[in-house]
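No value in this document is a laboratory result; all are computed from the given coordinates. Just so it is clear, the structure is predicted and the values come from calculations on it, not from any experiment. Here Cβ is always computed from backbone atoms with ideal geometry, including for glycine, and neighbour counts include all displayed protein chains.
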Amino acid sequence: MHLFTVFLLVCLPTALLAVKCTDPPTGNKNSTGTTTDVTDTVTDVVTDQPTAFPTTEAETTTPVPIRESWPQGKFSLLMAGNTCPEFSDFKKGYFYQDTEDFRNANDWPRDTAMIGPFKQDGYHFRFCTETDSKGDYLWEAGNYCIYKFSKKCPKGFQTGNITWDDENNYNQNTRKGRVPFGKYGRDTTVNFCCRDDGSASAQISLPIARPFYMLRYTEECQKVRYMSVNEEVFKFDDEDSGETKNSRFGAAPMDSGDAANHILHFCLYRPM
Ligand SMILES: [Ca+2]
Ligand SMILES: [Ca+2]
Ligand SMILES: [Ca+2]
Ligand SMILES: [Ca+2]
């Protein structure tokens, strides 16, 4: 406490009462008339002042969850590498799409984290499927797609599908294990769960220990907290002959191909 402040606090009121106060006093009289030390009086005045700024303890921040389980619902994810994500008993499976044989023009990133194998005239896609709908939280709002597994999408998603017109001649399509909800024959229909109730640039929280894939919907790849994201574009050379049976219905992933050849945008998530 500056002496000048003390002087002001003590002398200003006394000056108003026309009491002589030319020097900083060493004591003062309280209302009961007893003399108290001036320091106590000043301390009381200061303590009574309202606090100008809230303490940092009063500020609240939303805790950022580190997920140790997968969100509620059944779903499939493309497998990154040859292991499935942690925290659940994911079931493995794959399907092979026999794409166009003649002047085949499939194109995919050679540094993809998927193990395929991928060929100029056919693609293997491997999946990790959550067959247990239990989960103590919901998939968060955003702009992204996952593969549908059961007849119902997890809460918050809309459904849609993509049909590939696979090779007509000596078709070699196969599948094994758990694969997404779809129709697998000489052509392939796969169902998806997509949502656009949030921004792709607003991070969502998912388990982060192992890599996995989701798909672009109407914006860029969805951001996931504490994970890097890399887009992998796969170009399918679908059946060339006859009228194409290719289609895309409802809430289905972004397709930048033409009417007869799909191009999908996979988003690879890796721990940072
Ligand atoms: Ca063909
Ligand atoms: Ca083929
Ligand atoms: Ca076909
Ligand atoms: Ca084609």
- Message: For the structure I just gave you, tell me whether residue 184 is of a type in the set (Phe, Trp, Tyr), away from ligand 3 (no atom under 16 Å from the Cβ) and either farther than 18 Å from residue 235 by Cα or surrounded by fewer than 14 Cβ atoms within 10 Å (Cβ to Cβ) (or both).
- Response: no
- closer than 25 Å to residue 73 by Cβ and not in a loop (DSSP other than H, G, I, E, B): does that describe residue 269? yes
- Just give me the residues in the range 66-94 being farther than 15 Å from residue 213 by Cβ and either within 16 Å of ligand 3 (Cβ to nearest atom) or assigned to a strand (DSSP E or B) (or both), in sequence order. 91
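Residue-wise test of (1) surrounded by fewer than 16 Cβ atoms within 10 Å (Cβ to Cβ); (2) within 16 Å of ligand 1 (Cβ to nearest atom).
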residue	(1), (2)
188	no, yes
210	no, no
221	no, no
228	yes, no
261	no, yes
272	yes, no
- Task: Name the residue, out of 116, 135, that is more than 22 Å from the chain's Cα centre (by Cα), part of a loop (DSSP other than H, G, I, E, B) and surrounded by 14 or more Cβ atoms within 10 Å (Cβ to Cβ).
- Result: 116
